[in-house]
1. Can you tell me which of D219, D291, D236, D258 is at pLDDT 95 or above, touching a strand residue (DSSP E or B) at 6+ places or on another chain (Cβ under 6 Å) and among the charged types (D, E, K, R)?
2. Just need a number here: residues in segment 329-373 that are part of a strand (DSSP E or B) and farther than 24 Å from G398 by Cα.
3. Based on what the data block shows, is A191 away from ligand 3 (no atom under 16 Å from the Cβ), among the hydrophobic types (A, V, I, L, M, F, W, C) and modelled with pLDDT under 95?
4. Among E207, E215, which is surrounded by fewer than 17 Cβ atoms within 10 Å (Cβ to Cβ) and over 26 Å from T301 (Cβ atoms)?
5. Among the residues of segment 171-189, are any within 29 Å of G242 (Cβ to Cβ) and in contact with a strand residue (DSSP E or B) (Cβ under 9 Å, 6 or more places away or on another chain)?
6. If you go through segment 132-167, how many residues are within 15 Å of ligand 2 (Cβ to nearest atom), farther than 17 Å from E211 by Cα and either modelled with pLDDT under 95 or aliphatic (A, V, I, L, M) (or both)?
7. I'm trying to understand the selection: among the residues of segment 36-59, which are of a type in the set (A, V, I, L, M, F, W, C) and within 16 Å of ligand 2 (Cβ to nearest atom)?
Amino acid sequence: MLIANATLPDGRERDVRIADGEIDAVEPSLSGEPDVDAAGKRLFPGAIDVHVHFRQPGYSHKETWETGSRSAAAGGVTTVVDQPNTDPATVDGAGFDEKADLAAASYVDYGINGGVTESWNPDELFDRPLFALGEVFLADSTGDMGIDADLFGDAVARAAENDVTVTVHAEDADLFDQSARDADAGGEGEAANADLWSAFRAAEAEEAAVERAVEVGGDSDADVHIAHTSTPEGIDAASAGGATCEVTPHHLFLSREDLGELGTYGRMNPPLRSAERREAVYERVADGTVDVIATDHAPHTREEKEAGLWDAPSGVPGVETMLPLLLEEARQENLSYERVRDLIAANPADIFDLPSKGQIEEGRDADLVLFDPESSQKIRGEDLNSKCEWTPFEGRRGVFPELTLVRGEIVYRNGNFGTAVGRNVRR
Ligand SMILES: NC(=O)N[C@@H](CC(=O)O)C(=O)O
Ligand SMILES: [Zn+2]
Ligand SMILES: [Zn+2]
């Protein structure tokens, strides 16, 4: 396949030839009849979303590998990393193998993380083609997989021995503000009170947990990556402690001020923060302190989300809207195209050791996304491909891809899907 006249993230205009699933040549001009005329369009490395919950096995009414990976492909995401809070949880060999069989239905490449509970089996897990250990839950979230300090220390040590990175859900439940729950007099848990979730899972609980995670990581000389940091304090603690960190699109673009409109649809862990903190998070994304944008794509049905505040499950979908929202920021010149590329492709490939992905370079996998940088459109939940059919970004603008390739195969083109070619990146 030959893609002609494409503008790369750094602004160079190049022809790109693909052969045997790899990028074969990137030159100012290549001979041959182009298959795609990309004049005026931008070509990006496919996004690597290191944090999704595709819900299988166990919760296929929320999402499946098929629907989740279609949503990824339509949003320009060519590699996803699935988290362990499924049923069964991915905490032993059998759990890993069951998920690996289901993941074979994926349209995009994938990694499978292993989790930690009292009954985890590290020997079996480290014997599998594991992407990373995580997300390791320092507090309960969906799936109630929160663990204590001793088990966390053991798990980090085992990961370091096996040269596996640990990704951490960093909130300290001891610092949650119980008075926020008590403030919900009568315990009605009205959606109108959704802000109480942010008050309850207080910002301070993140910084303390990040500090503990980097300290424990340092003791074992482990590679620690902090998942979904939501506060400038959490980001700075990760960075000061030598850990890498990710920020989600919802913590980048939404704040507590949006909860009046979102109600329980805006309940997630860690929760939305103040407008001031959101701005400070944005600055750290723009200046490179934050390493990665990852979605924490955590779909739940509308019916589930419409339960009262204290009963609704935590989590929002996001895998299809991450790159479009960021490309809209680039279109508005709030972020550079190179920064976006680093956050969604180059950095995750570096941090998680994926040398064949993350850049448009000869010899790397032809995981590519083509888009018209001026074609901005309104995001509508009903247009998205996730099973949950809603989005916290309803009505915001995004620049959606026209074409998504995974190792040279068309997985998405102008509203149509190709074949499910996804495979485990750690095979
Ligand atoms: N983020 C969330 O609020 N929910 C996630 C779990 C998690 O990442 O904590 C889920 O699986 O639903
Ligand atoms: Zn989490
Ligand atoms: Zn998660």
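1. Of D219, D291, D236, D258, the one residue that is at pLDDT 95 or above, touching a strand residue (DSSP E or B) at 6+ places or on another chain (Cβ under 6 Å) and among the charged types (D, E, K, R) is D291.
2. Total satisfying the criteria: 1.
3. Yes, satisfied.
4. E215
5. Yes, that holds for at least one residue.
6. Of the residues in that region, 3 qualify.
7. V50, V52, F54
Conditions (1) free of Cβ contacts under 8 Å to residues at least 40 places away in the same chain; (2) away from ligand 1 (no atom under 16 Å from the Cβ); (3) in a strand (DSSP E or B), marked per residue:
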{"position": "P271", "(1), (2), (3)": "no, no, no"}
{"position": "R278", "(1), (2), (3)": "yes, yes, no"}
{"position": "Y282", "(1), (2), (3)": "yes, yes, no"}
{"position": "V290", "(1), (2), (3)": "no, yes, no"}
{"position": "D311", "(1), (2), (3)": "no, no, no"}
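The values are calculated or read from the model by the stated rules, or taken from the named source; none is laboratory data. Note that the structure is a prediction, hence the values are computed from the model and not measured. Counting neighbours? That spans all protein chains shown, and the Cβs are built from the backbone with ideal geometry, glycine included.
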